Every structure is written in C-alpha cells, then in structure tokens.
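Undergrad: Sharing a structure, written as structure tokens. Questions coming.
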Amino acid sequence: MKRPMMRILIVSIMVVAALTRTNAQQERKIKPPNQSVGKTSQTTLAAILNINNFTIWQQAHGRGAYPPNNAGDGGVYPRGTRWVIFADGFVWAAKAYVDPAHTIAAPVQLIRVGGSTYNVGNEVGWIEGEGPNARGIGPADPRARIYRIRRDWTTMSKDELRRDAAENNLIPLNDVTEADWDEWPVEHGAPYIERNGIPGYQKPPTPSPPSFTPDMLITKSFDEPGIAGPETDFTADQVIWCAFNDLNRGNLIGFTGSEPIGLELQMTLWGYKQHGAMGEMYFKRLLLINKGGADISGGEKGFLWLDSMFVGMWSDPDIGYFGDDLVGCDSVLGIGYAYTGRTTDAEFDKFLLPPPAAGYAYLQGGLVPSEGDTAIFDLKPRAGYRNLPMTSFALPVFATQADYPYGVELSRRWWRVLQGYVPDPSGSPWRLFPHPPGFPITKFPFSGNPVTGTGFIDGLGTDYSPPPGDRRLLVNTGPFQLAPLDTQEVVVAVVGGMGSDRLSSITVMKANVQVAHLAYQSLFTTPRAPRAPRVMAVELDGQIILEWGSN
C-alpha cells in the first residue's frame, strides 16, 4: 500500500511537472479502500485486458491502469503477482489556428493540451457531427462506454474462467463477452477484420458453444470484431475499445487550464494469448480525429488547424514498492522504462520473484510526408509518408503543491516537457534535463546502460541522477500536423521482462521490445505457434513409442 507522499525536491531543475491533480489527489499514493461500485459503472466504464502475462485496467475516458474503484496500481506483471504501473495515459499538445496557413492563432489560447494522467481532461463518448455542428454524445448516452471482446471465451477451461472472473471481480464476466461481441460499434470506429469480401462490416454469428467456435470465423470467412493485419488469420485474442473527446471545456480547464481543440480520440488495446515474448506485452493505439466544435471566434464553433503537435505516453510506474524505482530510456528501441533501484522488492519477495522491468515503446508515431518512404497506418502500409519515432524522453517530476501551477501556465509547461525540456516556468529560458559532466546534452536523459552501469543512468544520488524514489516518465513523439477531419495515429507496446535479478529483467524486457518491433513491422503476420499435438503412447518391452503426427 502506498503511503502519503512526502517529497523533497532533490533536483532543483526537476520542478513542477506536467501532472494534473487536485488537493485530494495529494494523497493519491494511498490506495482507497475497496468501494462498492454499481453494476452500470462496472460494466460500462472500465475493462481489463488479461489474455496473457499482463493484466491492465483501462477506463472509458482514457485513463489507464485504474480499476473501477479508482484505486490505482491496475497494471500487474507478471500476471497474478504485483503491479508495475500505478497509472498511465496519453497527453497531447498542439498550436491551434483558425486558418489553414497557420497565421491566425485560435482565440484565448494558442497552445492547447489534453489527455489524462491522474486527472482526466476527456469526456467519454465519440463526437457526432463536424465543424460547427460537432457535439460529444455525452456520458449519459448508453453508447458512451468501453467495449471488450475475448475470442476464446466460449472455449475457456473452468480454471481459465475462474481466473478471469477473479481478475474481473469488479466486472461480471458475462457482461463483457457476448454482449460486447454483438454491440461492437464498428460504425463509430471500433476495429474489425474484413474477410468476406463484401464492402463494410457484416456482423458475424456470436460464437456460442458448442455449435460455433472462434476458429469457424476464419474457416467460414466471416467478418469479425477485433484487430488483425493483412494476414487475417492472425487475430488479436483480446481487444478493448473506447472513444472519448476533448469538447468538455470544464474538464480541460481542470486538467491543464486548456481550451478544447475539437478532437475525437479512439483508443484500442489488444493482446495475444501466447507464451514467449508476445505474451509479455500488450498494445495501445490512439487515433486522433480533428472533428471540430471548438470556439473559433466569440462563441462561434468550428474547426481548428493544428500545427507542431506532440503526443506523450505518460506513466507513473510502480515496480512493486513505489519508493525505490528508477527510470531509463533507449532511443534506438524507442522505449522509456522503469526498474527497481534495490536488489529485491518487498512486493515481489512475497512471490519469491526478482523484480521485473516494464516500459513503453513507440512502434508508430505520427505521419509526416516523406517521398520514397512507406509508413504504417491502421496496420496497412502508406506510401509517401514515414512514421515519427520516439523524439524525446522526459521526467515529469512533481515538486510541492505550492509550486504546482494551474490554468494556462500548466499548459505552457506541458508544452515544454512534451518536447523533452524541463517543465520550467513559461517565462524562463528553455533547457534540457541536466546530464553528467562531459556527456553530450540530448533529449534522452538516462539513456545509459543500467545492466553494465555505463553511460548516463538513474539513481546515483547526484544533481543529475537522484537516488531511487517515486518516478514518472514521459515518452514523446512529434511534431506533426492535424488538419480538419484528418486523422493521426500512434501505437505503443507496453512490454515487461523478468530475468534472474532486477538488471537482467531489463535485458529480457529489451529483447521482448525487439520482438514487438518485428511483429509490428511485419503487420502481425508472425505465425501462431502450432496447435498442441495429440500424443499416442504405446508401451512395449523395454521401450515406449510416442506418435504425434495424426493431427
């Protein structure tokens, strides 16, 4: 259990981070007691991804790793042990203009910031209409919810069903399988797999045992809700989808003091029921659509043109006990990660396990024009573009409540940290995070190798490398543009690794990240493991003959 935060500002430059929280959230590290949550809020506003060695909660308005009772620590790895993520969420920022030439700044505020950390600037539900007619459907609409499907739910063993139900103890299992399969909102952006050759989505039969199984969706060429690349037989085994928007001005003002942009955001989480590296990760895709509905002049609603847009994957990682964590990054792998600063961890000691490592790797950043290149968008190649990589790693470190800014100043500091700079007051010069003497100063602090103890690493107890503690991380990509009705997309792999000790866990995690990149670049055409053979055994005198080729 987390204790009340008593922070000492160890590094003077690591001042007010772009984190958003209220006075009540000062005690956020204390887990609230289990709360009784009504059935409606359980089944519609949060869902758990638990198909492999990760379990992670996702809320319908965009905040990640938070179960329905808002207790935090909803990202567990390895499955069935302890948490590695207290909370996470995407944050974005852009310069907003009212003309396509980007010469007339949007009224009130040029730089606008949205997203979610502990607080949330979003409102659940997609946007209907566009431009001056764009309106969020509102949280009262029964469609404004989270959707979850699991392909194998009709064929799960009793042990699997019991385990799934135990992990879903705040969400009745029956409410997140068949119903979501039938109600999957393809017409509003939820992904589906095209197989039957007929344009558009034709709802498949619900896989109801024993007459119909998920494999028959493939053999009979049915369209199917979910995620797959060009090889439609290789489908994600579990998918979560939700849509939210930034048109609730009160939410945004409370989050970062920002005016709305007019964005609809669609988030998809998916994972694979596999052993090996693919079973040690899940994927998060954020689709950003410029729908309009923002104030463009004295209350008149319309579109904004967005320039210099950045998206950050923010996280408060907790590798078991929260008070001794460290962070690092690898710009080649595009990952920001966390690991423990001690040899053992009290939480993982309970399972006789070494501490794991976990991180966020950008697989796909925003699209930018690039002649001769080919990008990935919607798991399809797109010629004439390239995907931006991870462009900075930042440390959104929080000082004290007295130092914490509200209103427009907070947006301005987010603007800095999303580009890899220290979130100093907006009137001060821009500066990168401090590096060890003699090191080139880059946008990738803590990019050394903790395993060998070389390079710029965290936890040394210096003015540029504080001792182990309660860390945050922010993995950024940008800049790109987003014109009215255009769409951008970023994809992150959340990857874990467990070795024989805390440092070898980093090595395992990075090896798993390499697999994630290979799988994504191949558009998930990686073949599945073969089905388990049916082994026939014949006992003879002094020998046993095994035969497993019949199936």
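The values are calculated or read from the model by the stated rules, or taken from the named source; none is laboratory data. On a predicted model such as this, the values are computed, not experimentally measured, just so you know. With ideal geometry, Cβ positions are generated from the backbone for all residues, glycine too; neighbour counts draw on all protein chains shown. The area values use the complete protein model at the heavy-atom level, side chains included, leaving out ligands, DNA and RNA. Shrake-Rupley method; radii C 1.70, N 1.55, O 1.52, S 1.80 Å.
Undergrad: Per 0.36 nm of contour for each residue apart, how much would the distance between residue 202 and residue 307 grow if the chain were fully extended, relative to their Cα-Cα spacing?
TA: Length gained, residue 202 through residue 307: 34.0 nm.
Undergrad: If packing is taken as the average number of other Cβ atoms within 10 Å across a peptide's residues, how do 116-129, 445-458, 149-162, 285-298 rank, most packed first?
TA: The most tightly packed comes first, giving 116-129, 285-298, 445-458, 149-162.
Undergrad: Each label point is 7 Å from the Cα along the Cα-to-Cβ direction; what then is the distance between the points at residue 537 and residue 406, in nm?
TA: 7.0 nm
Undergrad: At what distance in angstrom do the alpha carbon centres of the range 294-360 and the range 221-265 lie from each other?
TA: 19 Å
Undergrad: If you don't mind, there's one more thing I want to ask. Could you please put 90, 351 in sequence from largest to smallest accessible area, using a 1.4 Å probe?
TA: Listed by decreasing accessible area, they come as 351, 90.
Undergrad: A further question follows. Take residue 155 and residue 525, extend 7 Å from each Cα along the Cα→Cβ direction, and tell me the distance between the two endpoints in nm.
TA: Result for the modelled spin labels: 2.5 nm.
Undergrad: Quick one: accessible area per residue over the range 230-302, 1.4 Å probe, rounded to a whole number of Å²?
TA: Result: 26 Å² per residue.
Undergrad: For 192, 147, what's the largest-to-smallest order of accessible area, 1.4 Å probe?
TA: Listed by decreasing accessible area, they come as 192, 147.
Undergrad: Just the number please: accessible area per residue for the range 373-476, 1.4 Å probe, all protein chains included, in Å².
TA: Averaged over the residues of the range 373-476, the accessible area is 41 Å².
Undergrad: Pull out a ≥ b ≥ c, the square roots of the eigenvalues of the alpha-carbon gyration tensor of the range 418-484, then state rounded if a/c is under 1.5, prolate if not and a/b is larger than b/c, and oblate in the remaining case.
TA: It is prolate, given that a/c is not under 1.5 and a/b is the larger ratio.
Undergrad: Under the classification rounded if a/c is under 1.5, otherwise prolate if a/b is larger than b/c and oblate if not, where does the range 453-514 fall, given a ≥ b ≥ c as square roots of the Cα gyration tensor eigenvalues?
TA: oblate
Undergrad: What accessible surface, in Å², does a 1.4 Å probe find on residue 215, ignoring ligands, DNA and RNA and rounding to the nearest 10?
TA: 70 Å²
Undergrad: Give me the number: length gained by fully extending residue 101 to residue 143, i.e. 0.36 nm times residue separation minus the C-alpha to C-alpha distance, one decimal in nm.
TA: Fully extending the segment from residue 101 to residue 143 adds 11.4 nm.
Undergrad: Something else about it: To the nearest 10 square angstrom, how much accessible area does residue 406 have with a 1.4 angstrom probe?
TA: Answer for residue 406: close to 120 Å² accessible.
Undergrad: Can you tell me which of 103-112, 468-477 comes out highest on packing, and rank the rest after it, using the mean Cβ neighbours within 10 Å?
TA: The peptides rank, most packed first, as 468-477, 103-112.
Undergrad: Over the range 41-142, with every protein chain in place, what whole percent of the accessible area is carbon and sulfur at 1.4 Å, could you tell me?
TA: Carbon with sulfur: 53 percent of the solvent-accessible area.
Undergrad: Something else: Would the range 325-473 count as rounded, prolate or oblate if I go by the C-alpha gyration tensor, calling it rounded below 1.5 in a/c and otherwise prolate when a/b exceeds b/c, oblate otherwise?
TA: Oblate, since a/c reaches 1.5 and b/c is not below a/b.
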